[in-house]
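Before any comments, here is the structure.
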Amino acid sequence: QVQLVESGGGLVQAGGSLRLSCAASGSSFSAYVMGWYRQAPGKQRELVATSGGSTNYADSVKGRFTISRDDAKNTVYLQMNSLKPEDTATYYCNFRRSAFGRVYDYWGQGTQVTVSS
């Protein structure tokens, strides 16, 4: 059973920084695309950043957020700088892979990030 455990959320003032971590239990996930998504109240879940063969960012976080991964630790990180109140949301990590006709798709439980103005 694969489990993703997130940590690092919290309350921060605008302009501050937070670092989120997401660690997976189980076998190697080096072939997986690892990503972060977020969902604000009353809004749909949206992509923040992904790391696979390349890294991709939502336009709203480019230049402020950095995704990185440590495959030896089955962990993905999201460094968030220059935080804005509109970054307030529940952040979810995601590990995904398509192989052998199947989609392997795992989600973390979510961690709350609140940015005060």
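The values are calculated or read from the model by the stated rules, or taken from the named source; none is laboratory data. In this text the structure is predicted, and so the values were computed from the model without any measurement. Positions of Cβ are generated from backbone atoms using ideal geometry, with glycine treated the same way; all protein chains shown enter the neighbour counts. Side chains are part of the model used for accessible areas, which takes the heavy atoms of the whole protein and leaves out ligands, DNA and RNA. Shrake-Rupley method; radii C 1.70, N 1.55, O 1.52, S 1.80 Å.
Do any trypsin sites (Lys or Arg not before Pro) in the range 53-115 lie in a DSSP loop with no more than 14 other beta carbon atoms within 10 Å, and if so, which? Show your work: numbers first, answer last.
Details: sites: K62, R64, R69, K73, R96, R97, R102; in loops: K62, R64.
The qualifying sites are K62.
Could you list log10 I(q)/I(0) for the chain at q = 0.14 Å⁻¹, which the Debye formula gives when each Cα is one point scatterer?
-0.54
Taking every DSSP beta bridge with both residues inside the chain, roughly what % is antiparallel (nearest 5)?
About 90 percent, rounded to the nearest 5.
Suppose we take every Cα in the range 24-91 and form the convex hull; what volume per residue is that in Å³?
95
With the full set of protein chains in place, find how many percent of the accessible area of the chain is carbon and sulfur; take the probe as 1.4 Å.
The nonpolar share, carbon plus sulfur, comes to 47 percent.
Heads up, I need the accessible area for D59: 1.4 angstrom probe, whole protein in place, Å², nearest 10.
120
What is the magnitude of the charge dipole of the range 1-75 about its Cα centre, with +1 placed on the Cβ of each Lys and Arg, -1 on the Cβ of each Asp and Glu, and no other charges, expressed in debye to the nearest 20?
160
What is the packing order of peptides 83-92, 44-53, taking the mean over residues of other C-beta atoms within 10 Å and listing the highest first?
The densest-packed peptide leads the list: 83-92, 44-53.
Show which lysines lie in cross-link reach of K43 when reach means a straight Cα distance below 24 angstrom and same-chain residues fewer than eight apart are skipped.
K62, K84
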